[in-house]
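Below is one structure, written out as structure tokens; comments come after it.
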Amino acid sequence: MTRRLSVFIMMSMNQIRVRFAPSPTGYIHVGNARTALFNWLFARQKGGIFILRVEDTDIERSKEEYEKRLIDDLRWLGLDWDEGPDIGGAYGPYRQSERLEIYAYYAQKLIQSGQAYYCFCSPEELEKEREEALAKGLLPRYSGRCRHIPLEKALSRLNSGEKAAIRLKVPSKGELGFHDLIRGDLTFDLSLIGDPILLRSNGLPAYNYAVVIDDHLMAISHVIRGEDHISNTPRQLLVYRSLGFDPPLFAHLSMVMGKDNTRLSKRHGATSLDQFAQMGILPEALFNYLAFLGWAPPEGQEVLSRDELIALFDLKKVSRSAAIFDYEKLYWLNRQHLKRLTLSEKAKKAYPFLLEAGLLPKEMTSQHWSWLEKAVDNFLETVNRLDELPERFRLLFDFSPENMDKEAREILDKESSLRIVKLFCEKIKTLTSFNLEVFNQVVNEIKKETGAKGKELYHPIRIALTARASGLELDRLIPLIEEGTKLTLPKPIPSWSERAQKMLHFLDNRPFFKV
RNA sequence: GCCCCUGUCGUCUAGUCAGGUCUAGGACAUCGCCCUUUCAAGGCGGCAACACGGGUUCAAAUCCCGUCGGGGGCGCCA
């Protein structure tokens with residue numbers, strides 16, 4: 001071994017190396033995303049290495065398509081990795097399906113040293129035994145029946161074409177413990193653990209085995225993963241021990257639950273990252289929220305950027321109890337992050353949602369963008385999510401007196417209001433230009449002519465202009481409409497005169513309105 | 001069934017390791033008020049928790065024991 005290589009190994013021994021190891025069996029779930037995020041925060045804070053490893057040994061369920069989506073989704077969230085299947089690295093390959101010879105090699109070593117053995121039991125037999133044990137209230141654990149088959153005999157059965165899995169021999173008594181960075185010292189009774197499968201009869205490794213080989217060979221220093229792996233840890237520790245590997249440090253994160261305290265699933269609402277993107281949740285907001293699931297910064301700060309989170313994060317302060325995913329708080333955080341964007345970022349983020357709704361054109365001119373910025377500046381502060389924006393924009397695009405809400409109708413039922421609406425419409429229907437100045441002039445005239453003021457005056461005028469009882473402040477709304485009518489849009493914004501004429505026409509054909 | 005983890009406002013949590021400074025702090029949600037030509041936003045304020053029962057102690061959210069609740073595991077899934 002060269003001096004340089006040994007220096008390299010020495011360095012990597014002290015190097016913090018963590019990994020996120022998902023199975024590409026579906027779209028990435030927020031619970032897994034949170035695990036990835038905690039690993040990432042830890043690595044980035046400590047100047048360590050963050051690795052993405054794809055655990056695709058479940059051939060039935062793993063799909064290439066999912067791996068691609070997984071990568072896209074993680075990147076969308078704002079995570080990056082130093083080694084992974086898409087970018088390579090010194091400890092690859094990073095896809096378990098490409099590491100099969102490695103698993104076979106170590107399994108053989110264990111067979112040869114007598115620490116593992118061939119098991120010829122069929123999955124059906126085992127399933128039956130397990131069910132029987134469960135029914136009797138016994139421990140559903142493998143009997144160890146094949147443990148005593150002499151190696152020569154096993155080999156000859158193998159040669160004659162029989163299929164076998166490889167199992168690890170687990171001591172029948174004793175205790176095994178480890179220190180968990182979040183939960184402290186944990187101990188387990190070995191007599192309760194059956195001999196785990198290392199290699200399945202199809203040659204593919206089982207999770208509890210592959211994870212050990214990979215974590216060791218990839219020089220993982222800290223395994224940060226979900227609580228559902230706590231009881232797997234002793235099994236894995238046994239593999240480390242049999243192979244003479246030093247185990248890494250472990251930290252088990254609590255689960256993420258839905259509102260009814262069951263595991264978060266589709267029926268609780270959005271769970272996969274792409275769904276949050278579609279809802280108009282900013283990745284930095286989801287990132288912020290996920291970091292807060294089971295952890296809180298020391299001084300109670302709430303709205304934090306990725307960099308601030310890196311600086312503040314502390315694995316030792318992570319909560320031990322399960323957290324419920326609260327959409328309301330996520331939405332609030334999203335609003336806060338939305339507010340932090342610059343005007344042009346706001347417009348850029350809003351655009352896809354307005355395009356999708358058919359309100360803005362595919363080809364945007366600089367006039368479009370400048371108008372969008374103004375509009376977004378007014379509407380964004382009223383929403384939690386970007387996907388609520390088209391609905392707000394309809395205040396500008398839709399003008400339909402026939403669809404007035406109850407509140408607006410009730411106001412029009414008052415004779416004084418109706419008179420103001422008509423007066424206002426008559427005055428503006430023939431105007432060639434309309435702006436705030438003209439508007440105020442017209443309003444002043446009406447004020448003089450009718451004596452109305454305040455709410456009595458402005459509420460009807462709002463209805464005349466928008467056919468709605470509520471919305472944006474009028475002096476912010478008018479410039480937006482005025483400028484918007486000059487734009488080329490898939491669906492034009494009605495001008496003041498169109499509005500006035502449409503409203504008058506509507507009123508004339510409504511006999512039940514007085515006057 | 002057995003094993004493991006876990007338990008502070010409805011929710012996320014601070015406080016628990018080193019018991020008194022906790023008549024338990026913050027945030028979301030909710031309710032009320034203010035601002036306001038509407039609706040929001042914003043500002044201010046209110047409601048709201050140490051799962052329960054024992055013990056130790058001058059003193060317990062904090063330490064010990066038990067009970068109960070919640071979650072996870074016991075796969076040729078990961």
Which of A:Ser344, A:Leu372, A:Pro361, positive extreme of dipole for region A:310-388 (C-beta unit charges): A:Ser344
Given +1 on the Cβ of Lys and Arg, -1 on the Cβ of Asp and Glu, and no further charges, what dipole in debye does region A:416-515 carry about its Cα centre, rounded to the nearest 20? 360 debye
Please work out whether region A:18-61 counts as rounded, prolate or oblate from its C-alpha gyration tensor, where a ≥ b ≥ c are the square roots of the eigenvalues and a/c under 1.5 means rounded, while otherwise a/b larger than b/c means prolate and anything else oblate? oblate
Exposure proxy check on A:Tyr106, A:Tyr209, A:Tyr327: fewest-to-most Cβ neighbours within 10 Å is A:Tyr327, A:Tyr106, A:Tyr209
Between A:Lys348 and A:Asp72, what FRET efficiency follows from the Cβ-Cβ distance if R0 is 22 Å, with the result rounded to 0.05? 0.70
Contact order normalised by residue count of chain A, Cα under 8 Å, 6+ apart, percent: 12 percent
Selection from A:Ser321, A:Trp81, A:Trp40, by position along the positive dipole direction of chain A (Cβ): A:Ser321
Around A:Pro352: net Lys/Arg minus Asp/Glu count, Cβ-Cβ under 12 Å: +1
Estimated inter-spin distance, A:Ile59 and A:Ser321, nm [label 7 Å along Cα→Cβ]: 4.6 nm
Give me the lysines in straight-line cross-link reach of A:Lys128: C-alpha distance below 26 Å, same-chain residues under 8 apart excluded. A:Lys136, A:Lys153, A:Lys163, A:Lys169, A:Lys173
How many angstrom lie between the C-alpha centres of region A:29-92 and region A:271-330? 18 Å
About its Cα centre, chain A carries a charge dipole, from +1 on Lys and Arg Cβ atoms and -1 on Asp and Glu Cβ atoms, whose size in debye to the nearest 20 is 320 debye
Points 7 angstrom from Cα along the Cβ direction at A:Leu181 and A:Asp274: gap in nanometres? 3.2 nm
Is any residue of region A:170-201 close enough, with backbone N under 20 Å, to a label point placed 7 angstrom from the Cα of A:Arg157 along the Cα-Cβ axis, and if so, which? A:170, A:194-201
Calculate, in nm to one decimal, what A:Trp369 and A:Phe120 gain on full extension: separation in residues at 0.36 nm each, minus their alpha carbon distance. 82.8 nm
Dipole of region A:156-210, Cα-centred, from +1 at each Lys and Arg C-beta and -1 at each Asp and Glu C-beta, to the nearest 20 debye? 340 debye
Here is the link list: A:Lys68/A:Lys362; A:Lys266/A:Lys406; A:Lys63/A:Lys339; A:Lys46/A:Lys329; A:Lys346/A:Lys429. Which ones come out longer than 31 Å on Cα distance? A:Lys266/A:Lys406; A:Lys63/A:Lys339; A:Lys346/A:Lys429
Sorted on mean Cβ neighbours within 10 Å (highest first), peptides A:23-29, A:227-233 come out as A:23-29, A:227-233
Helical contribution to [θ] at 222 nm, DSSP H n ≥ 4, -39,500 (n - 2.57), averaged over chain A, rounded to 500: -14500 deg cm²/dmol
Full-extension gain between A:Glu473 and A:Arg409, please, as 0.36 nm times their residue separation minus the C-alpha to C-alpha distance. 21.1 nm
DSSP loop (so not H, G, I, E, B), at most 12 other Cβ within 10 Å: list which trypsin sites (Lys or Arg not before Pro) in region A:374-471 pass both filters. A:Lys453
Mind listing the lone cysteines of chain A, meaning no other Cys beta-carbon sits under 4.7 Å from theirs? A:Cys121, A:Cys425
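FYI, it's all coordinate maths here, none of it is from the lab. Only a predicted model underlies this, so the values are computations on that prediction, with no experimental measurement involved. Cβ sites come from the backbone with ideal geometry, for glycine too, and all protein chains shown count toward neighbours.
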